[in-house]
Every structure is written in structure tokens, then in C-alpha cells.
Amino acid sequence: MTARATPARVATVTLAAFALLLATVCGSFMLGVEPVDLRRALTDPSSVDAAILFGTRVSRVLLGAVVGAALAPAGVAFQALLRNPLADPYVLGVSGGASVAATAAIVLGGTLGWLGIWTLPVWSFLGALASVAAVYVFGRVRGRLVPNVALLAGVVLNALSAALIVAIRLLSSPGAAHEALYWLTGSLGPVDGLRLAALGGYVVVGLGVLFMMAVPMNAFALGDEAAHSVGIDTEAARRTIFLAASLLTGAAVAFAGPIGFVGIIVPHVLRGFLGPDHRVLLPASALVGAAFLVAADTAARLAFLVLKTEPTVGVLTALIGAPFFLIVLRRRGMERAG
């Protein structure tokens, strides 16, 4: 029997997830090619430790935490709407649509200056929204959204997005093409406080909307008819959830590029421990998603010691997420066959 989402349980799980995030962040501050002594960094502003910590590492870790806190709940939202644990912004083509719009903005110079800090997420959001709309339209059969058809539509949109991105890069200047290429690998790097504030603002809005929609998400797990029977305006709720998840995806893509599979790995693991109730799952996924991406970026930094080059965090999450996706897919296939 699944434990009830009492206020005490929600608070306990949230505090535990926050403690995990805090431990991961502190570990990431200290670990890297050059280890950092936190005590020296905090007490001696002129030390090398302080320069490394506050010059590069703090903003990079915070960026990873905010992006992870956006991608994991977005995955939870899409999985609730499609009733499929394999739904994810990356797999559904939502990240791809956001990447097309953001790439176009980058090569056209629409992200220059301080205004670009705020407008690039808008470009990404519009691209994500267009992809969601396409998935919704092509995933409907006889007026009803069919999860498997929607998932296949997302796969096709991913391929189309990749082709459009290549075309945009070929038509752009070498400098803009190089900038877009690095960004498209899904990377975290030092950012200024204004960019972090902009990203945080978009993510807070998206998460706030999703948290308010936790009960309708629970109802969607029972099917549209069951959700309607308990008083949920299914179409309005679906649009709201799609919009919030698209905003989270667009904001994350705008500042870190397309980082895949966070929205599959984190929610799937958490459901095994916490159950499917979104009142517990959503806040936990935001905090654990943040911890997961910070840990993945730390591992990417440490890989430099062995590889003598640093892979982007998007490469690492793909190397983890793609086999994870196939394992979950095979398990679901065996369950249905049995």
C-alpha cells in the first residue's frame, strides 16, 4: 500500500531531499581538478581556494542545481499527462524544439546584451511550446491523447529538430556556429548573478504552477474520464501543466543547452521509493534533480584527471540515461507481455 501524502510525510521527504542536495553541493564545491579547502576559502579571501570557489565553482554549481530542479519536475509533469514513465522533455522533442528556437536566437544575435538574459528563455519557451503543441496534435487519435502515439511523435520531432539545427548552423557565421555547437552539447559553466536570477525566476514560476497542479496530476494517473468524474477540468489542467513544464524546459535549455534524461532517471528512481503521489514526488524531484545534475557535473569535472579533457554534463547524462531508458523500456515490455 502506498503511504499517504500527509503534511508530515511531505515535510520529511522534502527535508531529506534538501539535505541530500546540500551535501552534494558542498561536495561539489570542494571537488575538482584542484581540490578546495572550504575553510580556507571562507576565511582567507586572498587565497587560491577562495579564487577557485567564488570565481568559478559557486556559480557553476548553482546553475547545475537550478537546471536540475527544472528538468526533473518537467519530466514528472509529462509522465503524468501521458501516463508513461518514459516521457521526458528530451525524448518528447520538447528540448529539441527549445534548442531550435534558442539556436536561431543565438546565431541571429537576438541574445546580445543584458536584454538577452531575459529574452533567450522566452525564445526557448516558445520553441518548447511549439513542440508540445505538435506532440499534442499528432498524439491525439479520435479526439483523445494516446500516450504511445504522442511519444512516437516526440521522437520524430527530435529528428526534425536536429535537422533544423544543422541547417541553421550551416547558414550562420563560423563564430556563431561554434558558440551554438558548444551550447548544444549541454554544458554548465560559470555564470553571473543576473543570469542565475533570471533562470531562477523562470524556474520558480514553473515549479509553483506544477506544485499547485499536483492533485490534478494524481487524477490524470487514473485516466481522463476518472479525472473528469472527480471534478477536474481535464483540458484546462492539461494546458496549464503543459505550459508550466514547457517553461521549465525552455528556461533550462536557454542557459545550459539540451541536457537529456534527467527527467526520466530522477522521477523513475523516486517513484520506487516514494510512490506515485505528486504531492510528494514533485518537491522531491526538484531537489533530487538538482542534486543529480550537480553530482553529474562534478563527475564530468573529475573526468579531466583521467581523460585530460572535460566532457560536458550533457554527454555524461546521456551515457547514463540512454542505457537506463532502454532498461525501463524492456522492463515495461516484459510486464505487458506477461
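The values are calculated or read from the model by the stated rules, or taken from the named source; none is laboratory data. Just so it is clear, the structure is predicted and the values come from calculations on it, not from any experiment. Neighbour counts are summed over all protein chains in view; Cβ atoms, including those assigned to glycine, are modelled from backbone coordinates with ideal geometry.
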Give me a count of the residues in the stretch 30-46 that are part of a loop (DSSP other than H, G, I, E, B), closer than 15 Å to residue 58 by Cβ and among the hydrophobic types (A, V, I, L, M, F, W, C).
2
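Could you pull out the residue among 323, 276, 283, 267 that is buried (at least 16 other Cβ atoms within 10 Å of the Cβ) and over 16 Å from the mean Cα position of the chain (by Cα)? Full working, then the answer.
Working: 323 fails: buried (at least 16 other Cβ atoms within 10 Å of the Cβ); 283 fails: over 16 Å from the mean Cα position of the chain (by Cα); 267 fails: over 16 Å from the mean Cα position of the chain (by Cα).
Just a single option satisfies the conditions, and that option is 276.
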Residue 306 in a helix (DSSP H, G or I), of a type in the set (Val, Ile, Thr), within 19 Å of residue 24 (Cβ to Cβ) and without any contact (Cβ under 8 Å) to a residue 40 or more places away in the chain:
no
Could you go through the stretch 166-176 and let me know if any residue there is modelled with pLDDT under 85, surrounded by 22 or more Cβ atoms within 10 Å (Cβ to Cβ) and either touching an Asp or Glu at 6+ places or on another chain (Cβ under 9 Å) or over 24 Å from residue 223 (Cα atoms) (or both).
no
Could we say that residue 239 is charged (D, E, K, R) and either under 16 Å from residue 72 (Cβ atoms) or surrounded by 19 or more Cβ atoms within 10 Å (Cβ to Cβ) (or both) here?
no
Over the stretch 215-235, the set of residues within 16 Å of residue 147 (Cβ to Cβ), assigned to a helix (DSSP H, G or I) and without any contact (Cβ under 8 Å) to a residue 12 or more places away in the chain is 225, 226, 227
(1) part of a helix (DSSP H, G or I); (2) within 17 Å of residue 253 (Cβ to Cβ); (3) of a type in the set (Ser, Thr, Tyr) all hold for residue 90 apart from (1)
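Given the criteria crowded, with 17+ Cβ neighbours inside 10 Å, under 18 Å from residue 217 (Cβ atoms), among the aliphatic types (A, V, I, L, M) and touching a Ser or Thr at 6+ places or on another chain (Cβ under 7 Å), does residue 72 qualify?
Details: crowded, with 17+ Cβ neighbours inside 10 Å: yes; under 18 Å from residue 217 (Cβ atoms): yes; among the aliphatic types (A, V, I, L, M): yes; touching a Ser or Thr at 6+ places or on another chain (Cβ under 7 Å): yes.
Yes, satisfied.
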